[in-house]
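Beneath this line is the structure, given in structure tokens, with notes to follow.
Taken together, the values in this text are just the output of simple stated rules run on the coordinates, not laboratory data. On a predicted model such as this, the values are computed, not experimentally measured, just so you know. Quick reminder, even Gly has a Cβ in these numbers, built from the backbone with ideal geometry, and neighbours come from all protein chains shown.
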Amino acid sequence: MTGNDAAAALHQEVSATSVDRTEDGGQGVDIVEISPEEWCVRDKAVPADDPRAVLGFIQRLDGAFEVTNLRRLRERSYFSRFAPAAASLALRSSLVGAVR
């Protein structure tokens, strides 16, 4: 796979991923692209201008996705795919829909 093909595949995976609802009835999360390799994950239930809305960040590193959960600052998690990385920031989530 060429660099352009890999970038297109990643963009397609990210665009197809969002956590729209949680099993406990919560509103889920928004995924906001910061750069082609970094995303901010925010809680939809908290007003956008409130810093508490930021749940964490996802960064692509050498083919893996590193998750920084702001509720566990000393811990990093790694995933081979974007969707599970995003879901890890929302408790008991369901994945559907598209990214903002």
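Brief remarks follow.
- Loop-located GluC sites (Glu not before Pro) in the range 25-71, at most 15 other Cβ atoms within 10 Å (DSSP): GLU37
- Spin-label model, ALA64/VAL32: points 7 Å from Cα along the beta carbon direction are separated by 2.8 nm.
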